[in-house]
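To keep things clear, I will list the structure first and then write my remarks on it.
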Amino acid sequence: MQLNYAALTYPVVTVHQMTTLDTQTAQRLHSLGIQPGSQLTVVRKYPFHGPVIITVDQQKIGIRYAIFQALLGGQ
Amino acid sequence: MPTVALLGNPNTGKTTLFNELTDTYAYVENWDGVTVEKKLGRIKHSEIVVVDLPGIYSLNPLTKDEAVAVNYLLNDVPDLILNVTNASQLKRNLLLSLEVLEFGQPVVLALNMIDDLTRSGIRYDLDVLADRLGCQVRATNARKKTGLAQLKTELLAEQRQPAAPLVLPYPRPVSDAVQTAVTALVADFELTPQFARWLAIQYMNKNQTVRRHVADCGLTPLTENQVSYDRQHFDDQIFNTRLTFIERTITEATQYLNTSHDANLTAKLDRWITHPILGLPVFVGIFYLMFKLSFDWVGTPLSNALDALLSGPVSTTAANLLTSIGTLPFLKSLIVNGIIAGVGGVLTFMPQIFVLFACISVLEDSGYMARAALVTDRIMQVIGLNGKAFIPLIIGFGCNVTGIFSARTIEQPKERLVTTLISPFMSCSARLPIYSLFVTAFFPHNQAVIVLSLYFLGIIIALVMAKLYQWLFRIKESSVFIVELPKYHLPRLDIIAMGTWDKGKGFVKKAGTIIFAGTVLIWLLSNLGPTGIVTNINQSFAAMVGQVMLPVFKPMGITAWQPISALLTGVLAKEVISSSMIVMFHLAGQTSLIATFGGLFTPLSAYCILVFILIYAPCFATLAAIKSETGSLKWAAYSLVSNTLIAYVIAVGIYQLGALFI
């Protein structure tokens, strides 16, 4: 199921881990259906390590850069 | 009376659906946290009551909003739960649905915004969904009013199959533990097996509100095993089971359509609106446009016309009428110079306020507010808040009280407290009448710019204070900031009209109550003195109070007692300041007041008094909101004192500095 507004040109990343997140953030991401293995399409990154817009399961979500990095396993 | 509880994720069109189903309306906004309290409505032509609960992501509450919904389920048992979902985001919506289905009351699942799903080339087999989930499923589009008749029939159905709670195949350790707990709870605490089961699963899933409830009730079968549950990570096992179940169900129900035609308006708009660099200028531009509309293009001309009508024909006619029926001069003066001039003077600002409210409603309904939170997040991070705090502040431009209530979507209690405390610095619409009065008198050519400068000064003070609080309260950098960006909607005229009226009716009502009372009070104070009725206002009570305070206000350029007495009445409601001034200067409406001002203020001192009015003590309604949201009178008292002090220091500072140059 490909997102309509996420053209194939956007980079797609995979969630590696969620254990290093604080409980509240992990819980909220869980209730949005995000878990290790979820494919995130990175639509936009804001400068100065500002928020990152991702799309997953037909929904568009803004998260903070630090959380985004943590999801990727801190790379 | 049968009760239907309306439950669902944010951004599912829940409130629109509520409005379509019920006679009375609630408030519609495309931003989570709009439904700040549960709202009641009655289904048209029936006895059924619908409870509109705040939009929630899960029954385990992170925000105050979500706690409202969970507490409702813990304390009331609705006859039916209408679970509204966004059809295009069914996977994550069902995570909440499963929790609701486990609760065991009959559930009707509405797949709302079904058009968006069809457009993306997908269709769900409703029978498969209904079979797997064990509840009725209906497809709707509340915004276009499709599928509503069927949904209503479903809700009104007299005969309903007895509901069986959904039983998910949890792994052995979890299901065994649930079974043990349920047996004990039913035997020793007389809970129904159905409720006990739901409670046990929620408890194991670390639902904080449920855990508190269970602890309060002393339900030992659960509390004694808490450590064991958590050690085995029952919450993760529960989550994984649910997600697997949902993915399987959706796969089974999905049917692909051949046609897929997506206009993709959202993506096109977002290319500009959430642009990394242009996002902020777009944000500023939108607000500039909003102020131009309210103060230059639409609002002000209408206000002027209304003023001409009220201070001209209406006032004269009333005066003549009262003279002809032989009214006492004292009473005639009260009505004409007090009530008509004072209350009318405030009412003339209605057009400006309504235009501003309409603009805010458009932004809310279109889905822009979530984008505003996103583009401002990086800046808000600097002061220890997140972009979500920006929305309450923007709503605060309309009214600080609603702003403070909408801070409930913020997850961390400390951040919520800071947002509540800085909200009163947002220049609410009630302060507009007095700005307009001074701006027309002293800055006729730069009205929008001067008013905008006040708004920005308010924002700057709010940001500085937030930074200070961040340091005082030791708020850590990391905070939950996850914001959903809903699809854009073309704003619907009736929703905008409803939202505008909902926000604005408070103003009209205030004109009839507190502003009216304040005006009469100040008229009495300025016409009565220690010796009874006074002919010279300088001997009145109002003058005495003002005179005593005058030395304190001299350093910021105030040389007459009248503005000071007016400022004191502003704590009742900010609109009262202008009506008080009109009454105390004994004039018939704003036009003549503007002329009198010329001799009393310089442009500099006029600006200083506006700055003071912007910042000083919040009105009673706001103080009450601060008290109820922080749960303590102390914070309300603190706001009253600290804001007044800050206002004084800044206003005196500007005057003294300005006096050096001008």
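No value in this document is a laboratory result; all are computed from the given coordinates. Owing to the predicted nature of the structure, the values given are computational and were not obtained by experimental measurement. Quick reminder, even Gly has a Cβ in these numbers, built from the backbone with ideal geometry, and neighbours come from all protein chains shown.
Key figures for this structure:
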{"read-out": "Cα-centred dipole magnitude for chain B, charges only on beta-carbon of K, R (+1) and D, E (-1), debye, nearest 20", "value": "1360 debye"}
{"read-out": "Overall form of chain B per C-alpha gyration tensor (a/c, 1.5; a/b vs b/c)", "value": "prolate"}
{"read-out": "With Cα atoms, 0 to 90° folded angle of helix B:514-527 axis to chain B main axis", "value": "20 degrees"}
{"read-out": "At most 11 other Cβ within 10 Å, DSSP loop - GluC sites (Glu not before Pro), the range B:205-279", "value": "B:224"}
{"read-out": "The range B:359-387 and the range B:138-215: distance between their alpha carbon centers, rounded to Å", "value": "35 Å"}
{"read-out": "Cβ-defined net charge surrounding residue B:402, 10 Å radius [Lys, Arg +1; Asp, Glu -1]", "value": "0"}
{"read-out": "Positive dipole terminus of the protein assembly as shown, leading residue within B:108, A:32, B:85 (C-beta point charges)", "value": "A:32"}
{"read-out": "Alpha carbon centroid spacing (whole Å) that separates the range B:223-262 from the range B:523-549", "value": "72 Å"}
{"read-out": "Value of relative contact order over chain B, rounded to a whole percent, pairs C-alpha under 8 Å and six or more apart", "value": "12 percent"}
{"read-out": "The range B:3-156: relative contact order as a whole-number percent, Cα under 8 Å and 6+ apart", "value": "23 percent"}
{"read-out": "Rounded Å value of the spacing that divides the Cα centres of the range B:62-108 and the range B:639-655", "value": "47 Å"}
{"read-out": "Within straight-line cross-link reach of residue B:14, lysines at Cα separation under 20 Å, skipping those fewer than 8 residues along the same chain", "value": "A:60, B:38, B:39, B:44, B:64, B:91, B:144, B:145, B:152, B:487, B:503"}
{"read-out": "Extension gain (nm, one decimal) between residue B:115 and residue B:309, 0.36 nm per residue minus Cα-Cα", "value": "65.0 nm"}
{"read-out": "Per-pair calculated FRET efficiency, R0 = 51 Å: residue A:13 and residue B:446 via Cβ, rounded to 0.05", "value": "0.50"}
{"read-out": "Gyration tensor (alpha-carbon) shape descriptor, the range A:12-71, a/c threshold 1.5", "value": "oblate"}
{"read-out": "Using alpha-carbon coordinates, inclination of helix B:299-309 to the longest axis of chain B, degrees", "value": "50 degrees"}
{"read-out": "Contour minus Cα-Cα distance for residue B:592 and residue B:233 (0.36 nm per residue)", "value": "121.9 nm"}
{"read-out": "Rounded to 10°, Cα long-axis angle of helix B:193-204 versus longest principal axis of chain B", "value": "70 degrees"}
{"read-out": "Sites residue B:493 and residue B:317, calculated FRET efficiency, Cβ-Cβ separation with R0 30 Å, nearest 0.05", "value": "0.25"}
{"read-out": "Nearest-0.05 FRET efficiency for residue B:286 and residue B:548, computed from C-beta distance (R0 51 Å)", "value": "0.65"}
{"read-out": "Restricting the range B:104-148 to trypsin sites (Lys or Arg not before Pro) in coil, as DSSP defines it, with at most 16 other Cβ within 10 Å", "value": "B:145"}
{"read-out": "Likely footprinting exposure, B:465, B:426, fewest C-beta neighbours within 10 Å first", "value": "B:465, B:426"}
{"read-out": "Dipole moment magnitude, nearest 20 debye, the range B:418-517 about Cα centre, only Lys, Arg, Asp, Glu C-beta charged", "value": "160 debye"}
{"read-out": "Cα gyration tensor shape of the range B:3-156, rounded if a/c is under 1.5, else prolate or oblate by comparing a/b with b/c", "value": "rounded"}
{"read-out": "Sum of -39500 (n - 2.57) over DSSP H runs of 4+, divided by residues of the protein assembly as shown (222 nm, nearest 500)", "value": "-17500 deg cm²/dmol"}
{"read-out": "DSSP bridge pairs, the protein assembly as shown: antiparallel proportion in percent, nearest 5", "value": "60 percent"}
{"read-out": "Neighbour-limited loop hits for chymotrypsin sites (Phe, Trp or Tyr not before Pro), the range B:36-143 (at most 13 other Cβ within 10 Å; DSSP other than H, G, I, E, B)", "value": "none"}
{"read-out": "Extension gain from residue B:127 to residue B:660, taking 0.36 nm per residue of separation minus the Cα-Cα distance", "value": "184.0 nm"}
